[in-house]
Amino acid sequence: MLRKIPLALVGLIVGSILTVTGFYAYAVGNSTLNLAGFFYGIPLLLGGLALKAAELKPIPFAEVTPPDVIALRNEKATDTQNQLIKDVTRYRYGQEAHLDEALQRIGLSPTDDERPILTKIKEANINDNYALILIFDSPLITLEQWQEKQEKITKFFGPNISVDIAKKDDNFIELALISA
């Protein structure tokens, strides 16, 4: 639940309340509350604004995960798959895009403009194995370029994972990370 609340929003709300309280206390002559409002409220408000500017929103699920796939995840998912779900479904700060560093290391992000953008994720049962499917908007990186990097992707995302790459629609690539 707390992962769904953006830290920037907390900073903005608390900072705004303290700053307004500080101005009110100044107007009525309460110097102690005035100082607390100014010394804590304004920095929190500015910090909240800075975080909001650097905020990366969570990636949504493409569809609701069925209970049998959740049971399969609990039984067969690798640590990497679990970590990926946690990382991309929460607010991030100071990153350009989800998995930007991973894509760069694999060689699928030559420039920021060409980088594929993770748009959705979904979970599935593929041949009685748990699969985490990452859906990328990839207009400038072709399916062939993705397939050339398949071995590197498999090594990058760790042991006990196989990779399946498919093209969906015009610009969308589905990268399935399947537990072995």
| remark: Checked pairs for segment 164-180, first without any contact (Cβ under 8 Å) to a residue 24 or more places away in the chain and within 20 Å of ASN82 (Cα to Cα), second assigned to a strand (DSSP E or B) and open to solvent by less than 80 Å² (accessible area, probe 1.4 Å), C-beta under 9 Å and 6 or more apart or across chains, list as ILE165/ILE173; ILE165/GLU174; ILE165/LEU175; ILE165/ALA176
| query | For segment 127-144, which residues satisfy the criterion of being within 24 Å of THR111 (Cβ to Cβ) and either under 22 Å from the mean Cα position of the chain (by Cα) or open to solvent by less than 70 Å² (accessible area, probe 1.4 Å) (or both)? | reply | LEU134, ILE135, PHE136, ASP137, SER138, PRO139, LEU140, ILE141, THR142, LEU143
| request: Give the number of residues within segment 28-52 that are β-branched (Val, Ile, Thr) and modelled with pLDDT under 90. | output: 1
| Given the structure, is TYR91 closer than 15 Å to PRO58 by Cβ and surrounded by 13 or more Cβ atoms within 10 Å (Cβ to Cβ)? | yes
| query | Do we find that LEU51 is in contact with a strand residue (DSSP E or B) (Cβ under 9 Å, 6 or more places away or on another chain), assigned to a helix (DSSP H, G or I) and closer than 30 Å to SER16 by Cβ in this structure? | reply | yes
| In segment 60-76, what residues are in contact with an Asp or Glu (Cβ under 9 Å, 6 or more places away or on another chain) and in contact (Cβ under 8 Å) with a residue 60 or more places away in the chain? | PHE61, VAL69, LYS76
| message | Looking at segment 113-126 only, could you name the residues that are buried (at least 17 other Cβ atoms within 10 Å of the Cβ) and over 20 Å from ARG73 (Cβ atoms)? | response | ARG115, PRO116, ILE117
| Would segment 2-12 turn up any residue that is open to solvent by 70 Å² or more (accessible area, probe 1.4 Å), closer than 29 Å to ILE121 by Cα, without any contact (Cβ under 8 Å) to a residue 60 or more places away in the chain and in contact with a helix residue (DSSP H, G or I) (Cβ under 8 Å, 6 or more places away or on another chain)? | yes
| field | Leading residue by the ranking (farthest from the chain's Cα centre (by Cα)) among those in segment 27-78 that are of a type in the set (Ser, Thr, Tyr) and within 24 Å of VAL10 (Cα to Cα) | value | THR32
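The values are calculated or read from the model by the stated rules, or taken from the named source; none is laboratory data. These numbers were taken from a predicted model, which means no experiment stands behind them. Positions of Cβ are backbone-derived with ideal geometry, glycine not excepted, and every protein chain shown enters the neighbour counts. All accessible areas refer to the heavy atoms of the entire protein, side chains included, with ligands and DNA or RNA removed. Shrake-Rupley method; radii C 1.70, N 1.55, O 1.52, S 1.80 Å.
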